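Asks: Can you keep this structure in mind? I'll have questions shortly.
The values are calculated or read from the model by the stated rules, or taken from the named source; none is laboratory data. Not measured: the values here are computed from a predicted model. Note: ideal-geometry Cβ built from the backbone for every residue, glycine included; neighbour counts use all protein chains shown. Keep in mind that these areas ignore ligands, DNA and RNA; they rest on the heavy atoms of the full protein, side chains included. Shrake-Rupley method; radii C 1.70, N 1.55, O 1.52, S 1.80 Å.
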Amino acid sequence: SEDYKKIAMVQHDRSVDFHAQYGAHYKTRIPHCPRDLEYNPFCANLCVSASAPEVYRISLEEGKFLVPFHTDSNINSMNFNEKLNVLACGGD
């Protein structure tokens, strides 16, 4: 949200940190070093690109990892279009 009461950050040690207004909430790790993350508000998923040909998805509603998106290249950057409900990815 725009008031920054909830925030997710990717760390160089392959972890994703979730913080709330009171401080650190949860920390999880992904298999490869993260490069970018993007939030999908339509299904409450957090998409994390990494140094691998996959985009890892974390369901914030269910609190678990979903099946990752498989690609043919390493994804360096992502952007979510809220009007079209489309995740655009750019890679090698």
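Asks: Would you mind getting the accessible area per residue of the range 39-92, heavy atoms of the protein chains only, 1.4 Å probe, in Å²?
Replies: Per-residue value: 60 Å².
Asks: How would you classify the chain from its alpha-carbon gyration tensor, with a ≥ b ≥ c the square roots of the eigenvalues: rounded for a/c under 1.5, else prolate if a/b is greater than b/c, otherwise oblate?
Replies: Because a/c hits 1.5 or more and a/b fails to exceed b/c, the chain counts as oblate.
Asks: Given the options PRO68, PRO53, PRO31, state which has the largest fluctuation in a GNM of the chain using a 10 Å cut-off (strictly under) for Cα springs.
Replies: PRO31
Asks: I would also like to ask the following. Over the chain, calculate the relative contact order: mean separation of alpha carbon pairs under 8 Å at least 6 apart, over the residue count, as a percent.
Replies: 17
Asks: On the protein heavy atoms, probe 1.4 angstrom, tell me the percent of accessible surface of the chain carried by carbon and sulfur.
Replies: 51
Asks: Right, next: Within a Cβ distance under 14 Å of ASN74, other residues only, what is the Lys/Arg minus Asp/Glu net charge?
Replies: Once positives and negatives cancel, what remains is -3.
Asks: Let me ask something else about it. Which listed residue (ALA52, VAL86, CYS33) has the Cα farthest towards the positive end of the charge dipole for the chain, taking +1 on Lys and Arg C-beta and -1 on Asp and Glu C-beta about the Cα centre?
Replies: Looking along the dipole axis, the top candidate is CYS33.
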